[in-house]
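I have placed the structure first, in the form of C-alpha cells, so that the comments after it can refer back to it.
The values are calculated or read from the model by the stated rules, or taken from the named source; none is laboratory data. Keep in mind the model is a prediction, meaning the values are calculated, not measured. Glycine also receives a Cβ, built like all others from the backbone with ideal geometry; neighbour counts cover every protein chain displayed. Areas reflect the complete protein model, heavy atoms only, side chains present, ligands, DNA and RNA absent. Shrake-Rupley method; radii C 1.70, N 1.55, O 1.52, S 1.80 Å.
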Amino acid sequence: MTDVLKVRDLNVSFALHESEVHAVRELNFDLREGETLAVVGESGSGKSQSFLAIMGLLARNGKATGSARLAGDVELVGMAPGKLDAYRGKDIAMIFQDPMTSLNPSLK
C-alpha cells in the first residue's frame, strides 16, 4: 500500500513569555491508502495541535519540527504558507471538533 501521510518525530512547542511549552513530543505514525486513522486522547493532549502543525496552521507563537510527508514526496512541516495553500482543502483537510459549525451537508 502507498503511504498517504508519514509523520516522523513531530514536535510542537509554543513560546510563552520567557519559556517554551512543549505540546507534542516525537509523534510518529503512517497512514496508508485505504486506511483510516483515529486520533483520540484527553483534552489538552496535543491532538489538534499536531494536525494544525502538519497543516501549517499553528498560532504565531507556535513552532513545529520533524517531518510530515504527504504522498511520500511533499514535506509539509516548514513549507511556506503560500505553498501549503495548494494542498489545503484538496489533499489535506481538518474537521474541527464542533462538526455543526465545520461541516456543510450541501458540499462534498
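Side notes on the structure shown:
- If you check A64, A71 for being at pLDDT 95 or above, out of contact with any Gly (no Cβ under 6 Å at 6 or more places or on another chain) and not charged (D, E, K, R), only one passes: A64.
- Test: V40 is out of contact with any Lys or Arg (no Cβ under 7 Å at 6 or more places or on another chain) and either of a type in the set (D, E, K, R) or farther than 19 Å from V4 by Cβ (or both): yes
- Here E20 does not qualify as part of a loop (DSSP other than H, G, I, E, B), of a type in the set (D, E, K, R) and open to solvent by 60 Å² or more (accessible area, probe 1.4 Å).
- Filter result for G89 (on the phi > 0 side of the Ramachandran plot, within 12 Å of the chain's Cα centre (by Cα) and not aromatic (F, W, Y)): no
- Selection within the range 58-78 - among the aliphatic types (A, V, I, L, M) and either surrounded by fewer than 16 Cβ atoms within 10 Å (Cβ to Cβ) or in a helix (DSSP H, G or I) (or both): A59, A71
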